[in-house]
Amino acid sequence: MELLNFEGELLTSDGGIVRRIKVKGEGYSNPNDGASVDVHLEGRCGDRLFDCRDVSFIVGEGEDKGIPLGVDRAMDKMQSGECCLLYLNPKYGFGSEGKPEYKIGPDKDIVYEVSLKDFKRAKESWEMDVNEKLALFPDVKNKGNQYFKAGRLHQAVIQYQRIISWLELECGTGIEQHKQIQDYVLTTHLNLALCFLRLKDFSQAVENCNKVIEQDKSNEKALYRRGEARLLRNDYNLAMADFQKVLEVNPSNRAARTQLSICQSKMKEHQEQEKKIYANMFQKFAERDTKTGRPKRRRDESAQSSMNGEVGIKRRRRSQDCPS
């Protein structure tokens, strides 16, 4: 087979998945999250072949079949009949744990050759009515929770984001159903915030908490998790405000009280560090001025003398140019 794309295509913004197409696929359709796919896989670490099989799986749930995250995430870029090489860094491969059954150690780059033999797309949000979406919610949420408990945070995020894509813009057909949808969406945003906290993606954690707080200003979990995210990205004042609001909602929240103390300590440390930085800066300026003071005064005197001479000449010239 001849590589059609030699340089490779970045499939993620962090460069963790690079694809090189060996055989171009057919058609314009791609598998989506929830699609059923049939693939042939060949995985290599260095020159060693460690995985060779035909396998069927659900996109977004490849973890259940021992398929690396990077292969799962590349599915929505592939077409039927395509064969490609996927170069995966550890984040999208087997991570810091490695894969003992394949004799792969921690933090190893791997390469998978993937052939997409066939697939069946899952229904998109616009193809389902609200009752279908609500019926799917428990299973998808439970799947996300299972991944979260197993430490598979990226896989958990995929499941929770499917729910958001289905329900966030739904209104329902009555007050009761609208309330049910709202509860499901808020719960899912809280779960996403927790995942992003663990993944150290604090901006996304804050964003998901904000979505909850827009609907429920006194939501204790959202305020607490937003405070955590802000504290971890050193936004101490904002974090303190969140923990104070938590205590207004629930004065017996010991965790919030502890976090508030941590914020105050961090702010004090930060202020002390700033004082030291400025003190050292001013001391260096003073030392430099002391060393360079005399030559500077001589230069200033010389420059002033020169300027006085030039001013005198200019005055004499102006008196000559002016009409009498």
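Here are some notes:
- Answer from 119, 94 - the residue that is modelled with pLDDT of 95 or more and part of a loop (DSSP other than H, G, I, E, B): 94
- The lone exception for residue 182 - which of (1) closer than 27 Å to residue 19 by Cβ; (2) open to solvent by 20 Å² or more (accessible area, probe 1.4 Å); (3) touching a helix residue (DSSP H, G or I) at 6+ places or on another chain (Cβ under 7 Å) it fails: (1)
- Residue check for residue 135: surrounded by fewer than 15 Cβ atoms within 10 Å (Cβ to Cβ), at pLDDT 95 or above and either of a type outside the set (Val, Ile, Thr) or part of a strand (DSSP E or B) (or both): yes
- In the range 223-269, residue farthest from residue 197 (Cα to Cα) [restricted to those that are open to solvent by less than 80 Å² (accessible area, probe 1.4 Å) and under 19 Å from the mean Cα position of the chain (by Cα)]: 235
- A single entry from 48, 73 fulfils the requirement of being over 14 Å from residue 114 (Cβ atoms), open to solvent by 50 Å² or more (accessible area, probe 1.4 Å) and either modelled with pLDDT of 95 or more or of a type in the set (D, E, K, R) (or both): 48.
- Scanning the range 88-110 for residues that are crowded, with 19+ Cβ neighbours inside 10 Å and over 21 Å from the mean Cα position of the chain (by Cα) turns up 99, 104, 110.
- Residue check for residue 33: crowded, with 17+ Cβ neighbours inside 10 Å, farther than 18 Å from residue 104 by Cα and modelled with pLDDT of 95 or more: yes
- Residue 160 touching an Asp or Glu at 6+ places or on another chain (Cβ under 8 Å), under 30 Å from residue 97 (Cβ atoms) and at pLDDT 95 or above: no
The values are calculated or read from the model by the stated rules, or taken from the named source; none is laboratory data. Predicted model only: the values in this text are computed from it and were never measured. Here the Cβ is made from the backbone with ideal geometry for all residues, glycine too, and neighbour counts use every protein chain on show. Heads up: the accessible areas ignore ligands, DNA and RNA and are worked out on the full protein's heavy atoms, side chains in. Shrake-Rupley method; radii C 1.70, N 1.55, O 1.52, S 1.80 Å.
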